[in-house]
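Taking it in order: structure first as structure tokens, then the write-up.
The values are calculated or read from the model by the stated rules, or taken from the named source; none is laboratory data. Values in this document were obtained by computation on a predicted structure and should not be read as measured data. Glycine gets a Cβ as well: all are built from the backbone with ideal geometry, and neighbour counts include every protein chain shown.
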């Protein structure tokens, strides 16, 4: 009798699991909730889960609940490959929300492509999706290095800056930003008079910044992610450099403000609009979406969202929109993402195409500064 009861229970559990699976659409996540990039990945996951919750509260997609299964990659390339293979092995995952770490995104490209799995990555390097003909299954949700640099360098040109110096992290994000800056600076009338780099494990960038100081630039750009960028800014102030200091869009993060402290005041950062909603005109197409997102995020998590939360939120919502349009066939989801036009998100207004897997439009970017430890529009 006990054996029969056990078999009955197992059969019932299997039946319930199958029924639950039939009523669920599963997407996979590869967001870093521990490790050096947890300050990016955890907000990204929080934003993604908020999107899932809101979608399900409105009835899901065609009556089915959306489920996000996130595997923590820890910002590690090898673990990212293992994580994506685990998600692909489940068989019922129809799309992926990719890592915040550009390096991890690069590491899994071949696996994702080989599986014909649509993925919206949260890495900020253009190379993740270039050329789109060879990476047809992969899209980006963040603002890219070239996009934000165009806003940054336009500001330099307006200020009459001619000579710039660059300090970048020796990481895929840092080197991609360096390469694009070197490539495009001349078109804004800028000359790079010094270029230095540092390892992510470095605890002092004084030697590199001392060399930069000797080049007498009009402005300095620090292009990095993680704690190293705060160390670099502190070293910059300690050395008494008085050239204007620009940061990458990875610095538009509360954790950076906490680590850099007063040293962050007066820096300039190209960014999404999430920190300056009240300064936006009512005609801005993102204003209503941003206000609603911030309100709902604070209600759920009890704190304001970092910009990276918007990346995860946008990625899930765009995947959901593609599923509503195309169903759960992976190839059709990919085509539907590529066909998205004028999707108003938190990070940007998006429009993809066969030759554009970046999505984010230029007018989604603003230039911020820091005043008394808070983000504000630069004037």
Fill in the blank from the handout: Taking the stretch 167-212 and keeping only residues that are over 26 Å from the mean Cα position of the chain (by Cα) and assigned to a loop (DSSP other than H, G, I, E, B), one is left with 189, 190, 204
Completion exercise
Residues of the stretch 89-104 being outside any loop (DSSP other than H, G, I, E, B) and either without any contact (Cβ under 8 Å) to a residue 60 or more places away in the chain or not assigned by TED's automatic domain parsing to the domain that holds residue 127 (or both), in sequence order, are 89
Fill in the blank from the handout: Considering the stretch 274-305, residues that are touching a strand residue (DSSP E or B) at 6+ places or on another chain (Cβ under 8 Å) and surrounded by fewer than 23 Cβ atoms within 10 Å (Cβ to Cβ), and then whichever is nearest to residue 243 (Cα to Cα), we arrive at 276
Handout entry: Any hit, the stretch 65-77, residues being part of a helix (DSSP H, G or I) and assigned by TED's automatic domain parsing to the domain that holds residue 306
Key = yes
Problem - Filtered residues of the stretch 352-379 (kept if farther than 22 Å from residue 288 by Cβ, outside the structural domain of residue 98 (by TED's automatic domain parsing) and surrounded by fewer than 16 Cβ atoms within 10 Å (Cβ to Cβ)) - result: 371, 372, 373, 374, 379
Exercise for the section: From (1) assigned by TED's automatic domain parsing to the domain that holds residue 345; (2) in contact (Cβ under 8 Å) with a residue 24 or more places away in the chain, pick out the condition that doesn't hold for residue 267. Expected result: (1)
Handout entry: Condition check for residue 245: in contact (Cβ under 8 Å) with a residue 24 or more places away in the chain and in contact with a helix residue (DSSP H, G or I) (Cβ under 8 Å, 6 or more places away or on another chain)
Key = yes
Completion exercise
Those residues of the stretch 106-129 which are surrounded by fewer than 24 Cβ atoms within 10 Å (Cβ to Cβ) and closer than 25 Å to residue 367 by Cβ amount to 126, 127
Practice task
Would you point out which residue out of 331, 320 is buried (at least 16 other Cβ atoms within 10 Å of the Cβ) and either in the same structural domain as residue 60 (by TED's automatic domain parsing) or assigned to a helix (DSSP H, G or I) (or both)?
Solution key: 320
Practice task
Sort out which residues of the stretch 230-242 are surrounded by fewer than 19 Cβ atoms within 10 Å (Cβ to Cβ) and within 14 Å of residue 196 (Cβ to Cβ), and write them in order of number.
Solution key: 239, 241
Handout entry: Conditions (1) buried (at least 16 other Cβ atoms within 10 Å of the Cβ); (2) outside the structural domain of residue 166 (by TED's automatic domain parsing); (3) touching a residue at least 12 places away in the same chain (Cβ under 8 Å); (4) farther than 21 Å from residue 377 by Cβ; number of the one not met by residue 308
Key = (4)
Problem - Checklist (1) in contact with a strand residue (DSSP E or B) (Cβ under 8 Å, 6 or more places away or on another chain); (2) outside any helix (DSSP H, G or I); (3) buried (at least 20 other Cβ atoms within 10 Å of the Cβ) applied to residue 216, failing item - result: (3)
Problem - Top-ranked residue of the stretch 11-36 - restricted to ones that are closer than 20 Å to residue 88 by Cα and part of a helix (DSSP H, G or I), ranked as modelled with the highest pLDDT - result: 22
